[in-house]
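Quick notes on the structure that follows.
The values are calculated or read from the model by the stated rules, or taken from the named source; none is laboratory data. All values reported here derive from a predicted model rather than from experimental measurement. Don't worry about glycine lacking a Cβ; one is built from the backbone with ideal geometry, like all the others, and counts go over all protein chains shown.
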Amino acid sequence: MAFGKKVRPTVDKDGAALVMRKRDYLADFSGQLGLGLMANLVGQLQYFYTDKVGIAVGSVGVVMVIAKVVDALTDIWFGNIIDHSKGGNMKYYKWMLRMAVPAAAITVMMFTVPIKAGQIPAVAYVLVTNLLITAVIYTMIATPFAATMIVRTRSQQERGNMGILRAVGSYASGMVIAIATIPITNMLGGTQAAWIKYGAVIALIVLLSLLICYANGSKAMRKAVEDDTAAAEPEEEPVEFLTAVKCLFGNKYWVIVLLFNLITAVSSAIAASSGAYYCKWIFGNDNLVAIAGSAGLLSTFLGFVLSNPIIKKLGVKGTINLGLLGYAASCAVRCFVPTNLAAYIGSGLVGSFIQIPLMCLYGVLLAMAVDYNEYKYDKKLVAVSSGAIGFGNKVGGGLGALVLALFLMIGSYDSTLSVATTSMRYAIYAFSNYLPIVLNVGMFLIFRGFDLEEKLPAMRAEVAKRHTQKPEE
């Protein structure tokens with residue numbers, strides 16, 4: 001050993017082996033970045049369909065919610081298929097390789113809507129492509145990817161680090177889409193063709209990101225098997241689908257994680273599209289979306305830098321409570337001064353900063369619910385449990401699109417006008433400023449029942465005791 005070289009610890013404070021290296025974290029981040037770009041690009045589609053292609057607002061809302069509901073039903077089902085498939089822990093990464101090229105292709109196809117053929121063919125095309133990107137391709141990547149956090153390492157410390165970097169990847173992709181989409185497509189002409197070109201670039205990034213994640217993850221899994229280091233969780237016997245679903249809904253913590261992801265996704269879906277409507281109709285320039293997004297980079301950076309200290313200080317539950325109530329408070333500010341650009345940007349900065357640590361805990365919450373599965377049922381149900389993330393996100397995304405469309409319909413939205421009517425302005429205020437308050441306070445009340453953080457050490461000790469006693473029995 002070189003003199004003065006810092007010795008890297010081999011176990012965490014709980015005695016679990018530390019197996020992740022910097023390249024492993026970066027590759028995992030890459031996978032989340034690719035998935036995030038796909039998801040956030042879908043979040044921009046409502047504005048693209050209504051204002052760039054010319055599809056009726058009501059049709060867009062109905063199609064989006066149908067696609068998301070069908071999509072959500074596939075998550076738990078596909079998770080069960082993964083649990084029943086062979087290949088050890090390598091099976092979670094294989095799906096990323098299989099779906100990388102289809103993911104890139106569908107990312108471009110989302111924008112090739114045949115509007116010249118008429119409204120009905122265009123709406124049918126939108127439905128089919130939305131089902132493909134969400135119910136099929138995204139699901140077949142995101143569900144096993146969510147499970148990799150659990151099988152990649154047993155260390156809660158490393159899972160927490162992965163959660164932070166995945167949140168960075170998710171948020172970074174959201175920032176890229178929010179900041180770049182409108183200005184770049186406008187610079188390219190603002191037409192449907194401009195959006196197709198933009199989608200092609202994003203598709204290439206998605207392809208490379210997924211391949212990087214697969215190459216690193218598959219190599220790490222093979223090495224773990226070859227070295228017999230127990231770096232990953234052992235593969236368990238599969239459980240029948242209906243039995244697995246019954247177990248999940250009997251786990252109140254999984255249900256809370258499901259609801260948490262559902263409501264968060266509703267809020268995120270609305271926020272992803274509301275900025276373009278707000279800047280175009282309230283401030284008179286949709287290019288301001290990029291300025292607002294760029295201004296948020298500093299608060300986002302600070303949020304991620306301070307996430308670890310905040311989580312360590314407040315714990316899981318305290319961090320989430322701060323994020324929910326803090327974001328609701330930042331939205332309340334905009335309710336009093338809805339036409340003030342500085343207040344709009346400032347409240348967005350504060351809200352983003354407060355919610356960053358919360359975003360870092362999505363995967364950790366799921367892992368805790370999976371640990372409770374093992375305690376209660378003696379089965380982790382890894383992949384099917386991971387459907388909580390996809391199920392909640394997708395149903396929530398569809399509901400968010402529908403809610404947004406309903407508000408626009410109630411406000412008699414007309415994209416051909418040069419100035420917003422009073423009803424249009426109030427509809428935009430409602431889904432941008434008031435609704436997030438209701439949703440975040442609702443999530444706070446739901447999460448009050450998540451007391452697993454305090455119970456987890458004793459549960460793990462009980463599970464370890466059972467495993468020790470099994471050979472004797």
Tally, over segment 337-355, of residues that are part of a loop (DSSP other than H, G, I, E, B) and without any contact (Cβ under 8 Å) to a residue 24 or more places away in the chain:
2
Members of segment 97-112 that are surrounded by 18 or more Cβ atoms within 10 Å (Cβ to Cβ) and small (Gly, Ala, Ser)
ALA100, ALA103, ALA104
Restricting to segment 433-456, name every residue that is free of Cβ contacts under 8 Å to residues at least 12 places away in the same chain and closer than 23 Å to CYS279 by Cα.
VAL438
Looking at segment 356-473, what helices (runs of 4 or more DSSP H) fall wholly within it and have at least 1 residues that are modelled with pLDDT under 85, more than 26 Å from VAL126 (Cα to Cα) and β-branched (Val, Ile, Thr)?
362-377, 382-410, 452-469
Exactly one of LEU248, LEU208, LEU188 is closer than 21 Å to SER385 by Cα, out of contact with any Ser or Thr (no Cβ under 6 Å at 6 or more places or on another chain) and at pLDDT 85 or above, and that residue is LEU248
Test set (1) crowded, with 18+ Cβ neighbours inside 10 Å; (2) among the hydrophobic types (A, V, I, L, M, F, W, C); (3) under 27 Å from PHE29 (Cβ atoms); (4) under 21 Å from the mean Cα position of the chain (by Cα) - ALA328 fails condition number
(3)
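Listed here are the residues, each with its yes/no results for (1) out of contact with any His (no Cβ under 8 Å at 6 or more places or on another chain); (2) modelled with pLDDT under 85; (3) part of a helix (DSSP H, G or I).
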{"position": "TYR47", "(1), (2), (3)": "yes, yes, yes"}
{"position": "LYS52", "(1), (2), (3)": "yes, no, yes"}
{"position": "MET64", "(1), (2), (3)": "yes, yes, yes"}
{"position": "LYS68", "(1), (2), (3)": "yes, yes, yes"}
{"position": "THR74", "(1), (2), (3)": "yes, yes, yes"}
{"position": "PHE78", "(1), (2), (3)": "yes, yes, yes"}
{"position": "LYS86", "(1), (2), (3)": "yes, yes, no"}
{"position": "MET90", "(1), (2), (3)": "yes, yes, yes"}
Those helices (runs of 4 or more DSSP H) lying entirely in segment 113-232 with at least 3 residues surrounded by fewer than 19 Cβ atoms within 10 Å (Cβ to Cβ):
119-130, 156-187, 192-227
Is there a residue being of a type in the set (Phe, Trp, Tyr), under 25 Å from MET96 (Cβ atoms) and touching a Phe, Trp or Tyr at 6+ places or on another chain (Cβ under 6 Å) anywhere in segment 206-216?
yes
At pLDDT below 80, in contact with a helix residue (DSSP H, G or I) (Cβ under 9 Å, 6 or more places away or on another chain) and closer than 30 Å to ALA290 by Cβ: does that describe MET175?
yes
Pick from TYR362, TYR377: which is in contact with a Lys or Arg (Cβ under 8 Å, 6 or more places away or on another chain) and among the hydroxyl-bearing types (Ser, Thr, Tyr)?
TYR362
Taking segment 399-415 and keeping only residues that are within 15 Å of ALA276 (Cα to Cα) and without any contact (Cβ under 8 Å) to a residue 24 or more places away in the chain, one is left with ASP414
For ASN373, the lone unmet condition from (1) under 27 Å from TYR47 (Cα atoms); (2) crowded, with 20+ Cβ neighbours inside 10 Å; (3) of a type in the set (S, T, N, Q) is (1)
Checked segment 414-465 for anything aromatic (Phe, Trp, Tyr) and within 24 Å of the chain's Cα centre (by Cα); matches are PHE431, TYR434, PHE444, PHE447, PHE450
Test result for GLU462, touching a residue at least 40 places away in the same chain (Cβ under 8 Å) and not hydroxyl-bearing (Ser, Thr, Tyr):
yes
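Conditions (1) under 19 Å from VAL257 (Cα atoms); (2) crowded, with 16+ Cβ neighbours inside 10 Å, marked per residue:
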{"site": "SER423", "(1), (2)": "no, no"}
{"site": "ASN433", "(1), (2)": "no, yes"}
{"site": "ILE437", "(1), (2)": "no, yes"}
{"site": "ASP451", "(1), (2)": "yes, no"}
{"site": "LYS455", "(1), (2)": "yes, no"}
{"site": "GLU462", "(1), (2)": "no, no"}
Out of LYS94, LYS68, sole residue that is basic (Lys, Arg) and surrounded by fewer than 21 Cβ atoms within 10 Å (Cβ to Cβ)
LYS94
Kindly establish whether ALA290 is out of contact with any Leu (no Cβ under 9 Å at 6 or more places or on another chain), among the aliphatic types (A, V, I, L, M), under 21 Å from TYR434 (Cα atoms) and assigned to a helix (DSSP H, G or I).
no
Qualifying positions in segment 292-324 - buried (at least 16 other Cβ atoms within 10 Å of the Cβ) and not small (Gly, Ala, Ser):
THR300, PHE304, ILE310, ILE311, VAL316, LYS317, THR319, ILE320, ASN321, LEU322, LEU324
